[in-house]
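Student: Below: one structure in structure tokens.
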Amino acid sequence: MKIIPLRGKDKCGKTETLTIVYLKILDNKGESTCKKTEGNPIFKDFSDIVKYKGLKVAFFTMGDYSTVTTRIIKEYHTQKVDV
């Protein structure tokens with residue numbers, strides 16, 4: 001599994017940037033499989049696995065918490081996510 005982190009200071013636009021990428025993939029025939037809100041809905045964090053061009057691409061925007069991030073990486077690995 002490849003991991004592409006988007007890093008930056010608090011409230012600098014990381015979630016908004018990942019949302020733009022996510023929506024572009026969906027607009028280009030990506031298929032959402034399990035989108036759900038993560039954490040406090042006010043922050044608009046979400047997770048999903050998208051089927052796209054034969055790949056499983058995971059999105060997880062609540063990455064500011066290391067224990068949660070570690071858990072989700074292990075979960076995505078178990079689900080054979082590609083990116």
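Student: What are the chymotrypsin sites (Phe, Trp or Tyr not before Pro) within segment 9-83 that DSSP puts in a loop, where the Cβ has at most 14 other Cβ atoms within 10 Å? Write down the numbers at each step before the final one.
Tutor: Working: sites: Tyr22, Phe43, Phe46, Tyr52, Phe59, Phe60, Tyr65, Tyr76; in loops: Tyr65.
Those satisfying the criteria are Tyr65.
Student: Also, I was wondering about something else. Given a Förster distance of 25 angstrom, what is the FRET efficiency for Asp64 paired with Lys29, based on the Cβ-Cβ distance and rounded to 0.05? The partial results should precede the final answer.
Tutor: Working: r = 31 Å, r/R0 = 1.24.
Calculated value: 0.20.
Student: Let me ask you something else. Computed FRET efficiency, Cβ-Cβ of Ile20 and Thr78, R0 25 Å: what is it to the nearest 0.05?
Tutor: 0.35
Student: Output the Kirkwood hydrodynamic radius of segment 11-83, Cα pairs only, in Å rounded to one decimal.
Tutor: Values: mean 1/r = 0.0791 Å⁻¹.
Taking the inverse mean of 1/r over all distinct Cα pairs, segment 11-83 comes out at 12.6 Å.
Student: Using θ = phi - 60° and the Karplus relation 6.51 cos²θ - 1.76 cosθ + 1.60, list the HN-Hα couplings for segment 71-77 in order, rounded to whole Hz, with x at every Gly or Pro.
Tutor: 4, 5, 4, 5, 5, 5, 4
Student: Give Lys11/Lys80; Lys9/Lys51; Lys11/Lys36; Lys36/Lys80 a once-over and call out the pairs whose C-alpha atoms are over 25 Å from each other. Mind dumping the intermediate values first?
Tutor: Details: Lys11/Lys80 31 Å; Lys9/Lys51 30 Å; Lys11/Lys36 21 Å; Lys36/Lys80 19 Å.
Flagged as over cut-off: Lys11/Lys80; Lys9/Lys51.
Student: What do you get for Rg/Rh of segment 1-44 when both radii come from the Cα atoms and Rh is the Kirkwood radius?
Tutor: Details: Rg = 12.0 Å, Rh = 12.3 Å.
Rg/Rh: 0.98.
Student: Per residue, how many Å² of accessible area does the chain show with a 1.4 Å probe? List each step's numbers first, then the result.
Tutor: Values: 6180 Å² over 83 residues.
The answer is 74 Å² per residue.
Student: Compute the signed sum of charges (Lys and Arg +1, Asp and Glu -1) over the other residues within less than 10 Å, Cβ to Cβ, of Thr61. Spell out each step's value before the answer.
Tutor: Numbers: positive: Lys14, Lys44; negative: Glu16, Glu38, Asp45, Asp48, Asp64.
Once positives and negatives cancel, what remains is -3.
Student: Which trypsin sites (Lys or Arg not before Pro) does the chain hold that lie in a coil by DSSP with at most 11 other beta carbons within 10 Å?
Tutor: Numbers: sites: Lys2, Arg7, Lys9, Lys11, Lys14, Lys24, Lys29, Lys35, Lys36, Lys44, Lys51, Lys53, Lys56, Arg71, Lys74, Lys80; in loops: Lys2, Arg7, Lys9, Lys11, Lys29, Lys35, Lys44, Lys53, Lys80.
Taking the chain and a limit of 11 other Cβ atoms within 10 Å, the loop trypsin sites (Lys or Arg not before Pro) found are Lys2, Arg7, Lys9, Lys11, Lys29, Lys53, Lys80.
Student: Out of the total accessible area of the chain (probe 1.4 Å, heavy atoms of protein only), what percent is carbon and sulfur? Intermediate results must be reported in sequence, preceding the final value.
Tutor: Values: 3450 of 6180 Å².
Within the chain, the accessible surface is 56 percent carbon and sulfur.
Student: How large is the dipole of segment 6-83 about the Cα centre if only Lys and Arg carry +1 and Asp and Glu carry -1, each at its Cβ, rounded to the nearest 20 debye?
Tutor: About 160 debye.
Student: Given a Förster distance of 35 angstrom, what is the FRET efficiency for Asp10 paired with Lys56, based on the Cβ-Cβ distance and rounded to 0.05? It would help to have the intermediate numbers written out before the result.
Tutor: Details: r = 29 Å, r/R0 = 0.83.
FRET efficiency, Asp10 to Lys56: 0.75.
The values are calculated or read from the model by the stated rules, or taken from the named source; none is laboratory data. Remember, it's a predicted structure, so these values are computed and weren't measured experimentally. Here Cβ is always computed from backbone atoms with ideal geometry, including for glycine, and neighbour counts include all displayed protein chains. Ligands, DNA and RNA are stripped out before the accessible areas are found, and what is left, the full protein with its side chains, is counted by its heavy atoms. Shrake-Rupley method; radii C 1.70, N 1.55, O 1.52, S 1.80 Å.
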